[in-house]
């Protein structure tokens, strides 16, 4: 290594080539990075989609879902299986374990599905597919006054095709309308008159409306294709289809017995943009597409379209690139401010030229990182930028240690080149170990499960790549620059100095002030303190322990808050309305419209209070969507976070709207969501049992308890009351006529649900042709009573003569979790900053045991944020211990000591004192991100200890007494330790002081690192020497007990033992 360093010092042209390479390839790498809102992560979800028209949830559960779930049990690589069985459809969701190959697991799941021996007839083919990760980019509404929905859809399709033709845009989705269909509406009178059945009508249509090839005729001259091209795509074209023909030459055509119409399906689906009927177009980005550039192209298209058209208007509903750009700008500004602070502190306490070359490592390290970042799928997003901010202050740590040491060697009278070589070689072991331990600590993020663990993997990539490049810079580039820099040459007086020399002259005066301040801290503050600590060891240790115990007590007592996940700033308020199934769409529409009217009052109130004089309104737009007759949502898009006062949060708007709306009677579920719940709902409990009665009773009891908790809101479950069912039973007379229940139900289904005669593609829409009663013949229960059922003999009897019925509520959806029936009860926090851990503890310790004592078959699983926390904790335990062991081995290898690494690692728990009180001081609860900050802190804080122990061992080898070696190590490394901590804190300081709502999500991790490293400086300079002293006493007394001879403090230390071994050999 000495030869390599000497080579680059002597031939500094090679160093410049290195720099030019980093700069050129770094800029190319930076420009090639894509932007995204969150880091790119691979999907770990496989879904099995079930379509079974006309089937009930119970039919889908028993006939399909249970069979597939049985085959998936025990499949290696599967984390868990959940399913939902609904009317007409179902979904089985298979979650894959971290580290498993999703494509291989897709084949395994397909094999498991294929092993099911049989499925019900009438079911459509199953679709087994992996979920592709797509990211919301931008959405806009197509609207215009008085334009009907069919026309808006047609325009929307045209726009969709034009957008797909733009490079970089592939995922375009058009919503806001029901499916199109062709309805063949018959009535009972015509069926009787022409002696027809639904099946006969459907069969006639399917057999005549065809596009079929019948083969080829090859003559000597040419070839002919035999073909029947009788495919009609619209309802009016089907009117002349022959349904029946008799021997007397009479033909019955479709128009004689039915009304044929093109129409939207009866399931309501409509979107209103600012109370105008609209069609919504959403553009999402795949992992191969750039969010910012895609949004820019769409915005340009919208602008051009609006200039060309007057009647139809495109309005941007939500543009994620705006928020991304704002957050990117915010974090970039914080990074620049952090970099400036680092430069200022370096210049203040180091020789200015020395500080310049140390700081020169910052851009080189970042550019070097950009060279390789793209190969690890890094994008420009808030997490990657946060990683750059974290590493900002750490980068100069090795530069400070090496630069400071080179300068000390130069002051001893060595030549600049020799000082550079010797100074670098002396600190290589601790510097390399420091970088390796930091890399090891951050590498833990790669093994963390849960969504947040995957996101912070990108932080680790940034930190590790940048630190690796910084190590190369510090060991090769920095010594070469310092060896040829004027920093290692005595200044000479010049009569007419240049402005640059005048600047450095002034900076030298500032350096002297910085030096005096540093000397004051070292000699007047630190020296007496360390003397006191080493003199009164037990008292000093007691103080540190007492502070740690006080911190844990404050956390337990609620003084320092704790929660699972921080709240993410949201620019959206979402109101979800669920009415009892079967509710008339007019009722649902009137309630959601009333809520929208109340929202306009909220908009007016807050605009007048907080935005008066700005010319802006709080609400950018409102999107009302009717999803079905009983379900609707209202989405309110607020001004972006940077354009509205911090006091106006989405939760404030949601809570105020809830107050104005008040209680709404008759709703099944009404949620005033304000977004920002990372990882799911704060409170989410899945009740599991195969005893349906106990499950539903336990759900009601748990909901009623949670609804009384004043800290919670939006208590809901996934088991709403089902639609009212008319349950038929046959009379004996039906069997006498040769009928059975299946035959009767098939005919009832044909009339009221419909027989699917055909299904074909019309443009981009799949069209289904349905044969059923006209709407006027299926609007009341009397229509069901009067329906004519055809007996095997051909006789037609009314349904009321052969059947009776009862009316009961059925199931809307049947949920399974790992093979058991599940009902999930969830709730949100009224105040996002409230600690949820106490609520969850109360549920687990008090509420659930009471429920389980009443309903013994019930078990519970905590979902939402708690499940994310469990996954994170589980992976932390499995990966954390090996990584901690690797850190220990790295330090032990550096110092060739068993005890010194342990003493360093022992410092980590004591840093929790500052972490806890840092959160309390800045008003943040300790959460999962704080834990990730502590993980990062482990690697960072070990660095300072390595430097101090390295100097301590060198002092012992130089012949100093133990106590003198310890005192001198603290004093001589005081500046380096103080500066490395100061620069790390300085890099994070702008983010800590940032008031913007957009930065609050990342603050807990920054608090852990900055406050932890500040306190770690004290721990390293005071507690570590104390630990070394205790360790020495234990080793000395142990050896005395073993040998019975007088033992000196020095001879039991590993550094002295090694020195003796070297002399002996």
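Which of the peptides 853-859, 356-362 is most tightly packed, and how do the rest follow, judged by the mean count of other Cβ atoms within 10 Å per residue?
So the order, starting with the most tightly packed, is 356-362, 853-859.
Between residue 805 and residue 886, what is the spin-label point distance in nm, taking each point 7 Å from the Cα along the Cα→C-beta axis?
Going from the residue 805 label point to the residue 886 one covers 6.7 nm.
Set the Förster distance to 45 Å, then compute FRET efficiency between residue 664 and residue 28 from the Cβ-Cβ distance, nearest 0.05.
Values: r = 58 Å, r/R0 = 1.29.
E(calc), rounded to 0.05, equals 0.20.
Based on a Kirkwood Rh over C-alpha pairs, give the Stokes-Einstein translational diffusion coefficient of the range 42-132 at 4 °C and viscosity 1.567 mPa s in µm²/s.
Translational diffusion coefficient: 98 µm²/s.
Counting only helical runs of four or more DSSP H residues, what would the 222 nm mean residue ellipticity of the chain come to if each run contributes -39,500 (n - 2.57) and the total is spread over all its residues? Don't skip to the answer; put the middle values down first.
Working: 37 runs with 554 residues, N = 1065.
Calculated from helices alone, the mean residue ellipticity at 222 nm is -17000 deg cm²/dmol.
Could you work out how much longer the chain between residue 165 and residue 7 gets when fully extended? Use 0.36 nm per residue separation minus the Cα distance between them, nm to one decimal. Please list the in-between numbers first.
Working: separation 158, 0.36 × 158 = 56.88 nm, distance 5.59 nm.
Stretched fully, the residue 165-residue 7 segment lengthens by 51.3 nm.
Can you give the three extents of the C-alpha atoms in the range 816-893 along their principal axes, from longest to shortest, in whole Å?
Principal axes ranked by extent give 59, 35, 22 Å for the Cα atoms.
Could you tell me how many degrees, from 0 to 90 and to the nearest 10, lie between the Cα long axis of helix 962-972 and the main elongation axis, the longest principal axis, of the Cα atoms of the chain?
70
Let me understand the range 987-1053 better: what is its radius of gyration from the alpha carbons, and its Dmax, in angstrom?
When restricted to Cα atoms, the range 987-1053 yields Rg and Dmax of 21.5, 66 Å.
Need one word for the range 875-997: rounded, prolate or oblate. Basis is the Cα gyration tensor (sqrt eigenvalues a ≥ b ≥ c); a/c below 1.5 gives rounded, then a/b vs b/c decides.
In terms of gyration-tensor shape, oblate.
Tell me, how many Å apart are the Cα centres for the range 166-215 and for the range 1-71?
Between the Cα centre of the range 166-215 and that of the range 1-71, the gap is 44 Å.
Find the centroid of the Cα atoms in the range 701-751 and in the range 242-291, then give the distance between the two in whole Å.
When both Cα centres are located, 28 Å separates them.
By how many degrees, between 0 and 90 and to the nearest 10, does the Cα long axis of helix 198-208 differ from the longest principal axis of the chain?
That works out to roughly 80 degrees.
Quickly rank 171-179, 635-643 as a protection proxy: mean count of other C-beta atoms within 10 Å, highest first.
In decreasing order of mean packing, 171-179, 635-643 become 635-643, 171-179.
By average Cβ neighbour count within 10 Å, what is the ranking of 1029-1039, 971-981, 713-723 from highest down?
In descending order of packing, they fall as 971-981, 713-723, 1029-1039.
Between residue 412 and residue 1030, what FRET efficiency comes out of the Förster formula 1/(1 + (r/R0)^6) with R0 = 25 Å and r the beta carbon distance, rounded to 0.05?
After rounding, the FRET efficiency stands at 0.15.
Determine the principal axes of the Cα atoms in the range 301-351, then give the extent along each, sorted from largest to smallest and rounded to whole angstroms.
69, 17, 10
Can you put 740, 944 in order, fewest other beta carbons within 10 Å first?
Values: 740 12, 944 29.
Listed from fewest to most nearby Cβ atoms, that is 740, 944.
Taking 8 Å as the Cα distance limit and 6 or more residues as the minimum spacing, I'd like the relative contact order of the range 210-338 as a percentage.
Numbers: 90 pairs, mean separation 13.5, N = 129.
This gives 10 percent for the range 210-338.
Taking every pair of Cα atoms in the range 753-881, average 1/r, invert it to obtain the Kirkwood radius, and report Rg/Rh to two decimals.
1.22
Scaled to the compact-protein estimate 2.2 N^0.38 Å, what is the alpha-carbon radius of gyration of the range 944-1065, rounded to two decimal places?
1.45
Distance in nm between label sites at residue 310 and residue 857, each 7 Å beyond Cα in the beta-carbon direction?
For the pair residue 310/residue 857, the computed spacing is 6.9 nm.
Rounded to the nearest 10 degrees, what's the angle between the helix 12-32 long axis and the longest principal axis of the chain, both from Cα atoms, 0 to 90?
Helix 12-32 sits at roughly 20 degrees to that axis.
As an exercise, use a Förster radius of 35 Å and the Cβ-Cβ distance of residue 604 and residue 329 to find the FRET efficiency, rounded to the nearest 0.05.
0.70
Kirkwood hydrodynamic radius, computed over distinct alpha-carbon pairs, for the range 221-290: how many Å, to one decimal?
In the range 221-290 this quantity evaluates to 18.1 Å.
So if I take the centroid of the Cα atoms in the range 563-637 and the same for the range 360-389, what is the distance between those two points in Å?
First find each Cα centre; the distance between them is then 39 Å.
If the chain between residue 223 and residue 709 were fully stretched, how many nm would it gain, using 0.36 nm times the residue separation less the Cα-Cα distance?
Length difference between fully extended and current span is 166.9 nm.
Dividing the Cα radius of gyration by the Kirkwood radius, what Rg/Rh value follows for the range 638-783?
Here Rg/Rh amounts to 1.14.
Computed from the coordinates by the stated procedures, all read-outs in this text should not be read as laboratory data. None of the values given here were measured: they were computed from a predicted structure. Positions of Cβ are backbone-derived with ideal geometry, glycine not excepted, and every protein chain shown enters the neighbour counts.
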